[in-house]
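Here is the structure we will look at, set down as structure tokens.
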Amino acid sequence: MPFSFTSEQKQSMLWLALAFGLLLLLSLLGPVLMPFIVASILSYVLTPWVDKLCALRIRRFGLPRSVAATLIIVVLIAVVLAMLLIMIPILQKEIPQLQDQIPRFFDKLDQMLAPMLSEFGIKIRLDSNGIKTLLTEQMASSGDVIGKAVLNSIRVGGTALLGMVANLLLIPIVLFYLLMDWHALIKRLSHFIPRRFVKQTASAVAEVDELLAQYLRGQILVMIVLAVYYSVALSIARFDLALPVGIITGFLVFIPYLGYGLGLVLALIGAILQFDGFGGLMSVAIIYGIGQMLESFYLTPRLVGERIGLHPLTVIFALMAFGQLFGFIGILIALPASAIVSVAVKHLRVSYMNSSFYRQT
């Protein structure tokens, strides 16, 4: 007897195919969706604050949601600008000094490494004049190729820069409309859930919401602890810019590698400018090496992983796996996405344990 699908099964397959096609389309539109994804994440985080502002009573009148959303966005932009204002004076102080210190740095490097290289038959000067000569010779021998590569990189980089600026300007606009209509949007999306799965979905969403709230609290604790650690450690090492560099490194740690990398670069530049010899560089290497191990193997697994019910090994694996699959964005969403997956696996496990396939002896 030939196998035939019921009408309900055919409809289920049709809607599953449409859902899969929609996910495929969204994956192809990834670059375009970036400001919408960022705005959605920010809206999820900031909506409770907008609700609290709307609940305030000023002279017996409630605060309009549009005003509350605007105030929250202004505060967010002010925080971002404050971080930039911390960085700009550092760069203004370090860059001119760095231009004066680079020749001296290369002279010291030449004095230390040139004798070692000469033992292997390598005769090259690593001071500023020697490096200038080497670069001049290389550019003269491959000038056309380098020129074309530079022009192409400028063209591609200019287009990418314009796209990035456009996305950054679009984020506050999208965020405003999402903050205005967040609850209505969630209500509309809930209507698309098949009626037989409404209760299970609502329960799972409530669990995910609680886990993400725990994740945000844990991430804020990690940021504060690391900001204090880097500021104190750099101060003990007698860095002039210990406080701003430590704050930048700690508060930007929620963006994997960016906060750590930016803080490390600023600290290395400060070490070159402030200290003679390689003692300052060694201090930076030790401080940031300990800080990275502290964050990766203790703070994030303990303060974030345990709060969202993930084993430390699971946290480390999630960061590596999502980074491999989705790159930088994958690392950024690894832990909250793992929390969502853990809720799905929990419900799947319960369904599996209650199934006849498992219970049958």
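See the values below:
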read-out: Candidates Ile154, Ile236, Ile186, Ile173, filtered to the one that is modelled with pLDDT of 75 or more, more than 30 Å from Trp49 (Cα to Cα), out of contact with any Phe, Trp or Tyr (no Cβ under 9 Å at 6 or more places or on another chain) and open to solvent by 70 Å² or more (accessible area, probe 1.4 Å); value: Ile236
read-out: Contacts under 8 angstrom Cβ, first residue in the stretch 209-222 being closer than 16 Å to Leu46 by Cα, partner surrounded by 14 or more Cβ atoms within 10 Å (Cβ to Cβ) and aromatic (Phe, Trp, Tyr), 6 or more apart; value: Leu212/Tyr44; Gln219/Phe254
read-out: Selection within the stretch 184-202 - closer than 23 Å to Ser43 by Cβ and in contact (Cβ under 8 Å) with a residue 24 or more places away in the chain; value: none
read-out: The stretch 42-76: number of residues that are at pLDDT below 85, within 27 Å of the chain's Cα centre (by Cα) and more than 12 Å from Trp182 (Cα to Cα); value: 0
read-out: When residues of the stretch 223-233 are limited to those that are buried (at least 19 other Cβ atoms within 10 Å of the Cβ) and touching a residue at least 40 places away in the same chain (Cβ under 8 Å), the one farthest from Ser283 (Cα to Cα); value: Leu226
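The values are calculated or read from the model by the stated rules, or taken from the named source; none is laboratory data. Here the structure is a predicted model, which means the values were calculated and not measured. Positions of Cβ are backbone-derived with ideal geometry, glycine not excepted, and every protein chain shown enters the neighbour counts. For accessibility, only protein heavy atoms count, side chains too; no ligands or nucleic acids. Shrake-Rupley method; radii C 1.70, N 1.55, O 1.52, S 1.80 Å.
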